[in-house]
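The values are calculated or read from the model by the stated rules, or taken from the named source; none is laboratory data. Please read these numbers as outputs of a predicted model, since none were measured by experiment. Quick reminder, even Gly has a Cβ in these numbers, built from the backbone with ideal geometry, and neighbours come from all protein chains shown.
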Amino acid sequence: MSAVLQPFGALAPYFVLVLIGYVLAVSGSWPRAVSDALAAFVFGVAIPAFLFGLMSDPARVLAGDARVVLAFFGACVITFLVARLVSGRLYRLDGVQQTVFGLGGIFSNNVLLGIPFAKALLGESALGPIALVLVFNTLALWTLATVSVEWARHGELSARGFLKTARKVVTTPVIAAILAGSAVRKLGLGVPFLIGEPLRMIGHAAAPLALIVVGMGLAEYGVRDGWRQGVGITAVKLVLQPLVVYVMARMFGLSPLETQAIVLLGSLAVGVNVYMMARQFDALQAPVASSMVFSTVVSALTTPLAVVLAAY
């Protein structure tokens, strides 16, 4: 029994940090400008510093297996297609709305929640598969969104949309840090102490600050409007996706650690990128906001459970 309950205890302090961020935001003492600035620092400096240090350190074993990518994103495609089909029939959504609904079911809060949760539950050895997924995650899912929306609106695909997405993804600080750190490691280049030590210090602050940012962000979204679709997105995200990811991981013969790592990513709450997509495509903004709140609260129970079950 203790082995089953241990992951819940390990994640409890992390959700307390989310709660602290939420309380700070709703107290009125910390205006939205503060949370926006903190989020910009976390995404643009703290997490990239942590990931660069992780990927550039030759003392750490961060093995990457292409099967991890195939299993995770294969599961994403399957879940997305099922979610689109079900949402169209259940909620009578149009093609663009189905796309946003489906993306809510597969786009996790991988950076803000995935990295600290993986360290807490699985240790730093799990960050290799996590980083591998992060490299392709935004590019793959934004491309899927762009293709799906353009097909729904115009009945054709656009290479221009893909290239624009690829350029935007590669230049984001998180992906750039992973690529730069990997290059430094592959080339055998050392990071000078005067640079590496400040990056390490900043990186230590990444996880707690990221979780506080999540809590602050949740305070901005309501749950009343579009809650029915929001519940549907949450069910797809927290139940269907981790189940499909697990099945795909077993089919590709991944190791127990790799399986747990990608199931963890699949079981996380709906990511903020989905809300950005909903705003960009002008579809299901309220349901996506509701699903972010619902999924973050429920995942406090379901994510540790999914990681435990994925070990079998």
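Quick rundown of the values:
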read-out: Residue match in the range 182-196 (condition: surrounded by 22 or more Cβ atoms within 10 Å (Cβ to Cβ), assigned to a helix (DSSP H, G or I) and aromatic (Phe, Trp, Tyr)); value: no
read-out: Residue pairs meeting the criteria (Cβ under 8 Å; at least 6 apart or on separate chains; first within 14 Å of Ala183 (Cβ to Cβ) and modelled with pLDDT under 85, in the range 42-60; second of a type in the set (Asp, Glu) and surrounded by fewer than 23 Cβ atoms within 10 Å (Cβ to Cβ)); value: Leu54/Glu124
read-out: Near pairs, Cβ below 6 angstrom, 6+ apart or cross-chain, from the range 107-119 (within 16 Å of Leu218 (Cα to Cα)) to any residue that is small (Gly, Ala, Ser); value: Ser108/Gly271; Asn109/Ala269; Asn109/Gly271; Leu112/Ala210
read-out: Residue within the range 79-92 that is at positive phi and at pLDDT below 90 present; value: no
read-out: Residue match in the range 121-129 (condition: in contact with an Asp or Glu (Cβ under 8 Å, 6 or more places away or on another chain), part of a loop (DSSP other than H, G, I, E, B) and either surrounded by 23 or more Cβ atoms within 10 Å (Cβ to Cβ) or at pLDDT below 70 (or both)); value: no
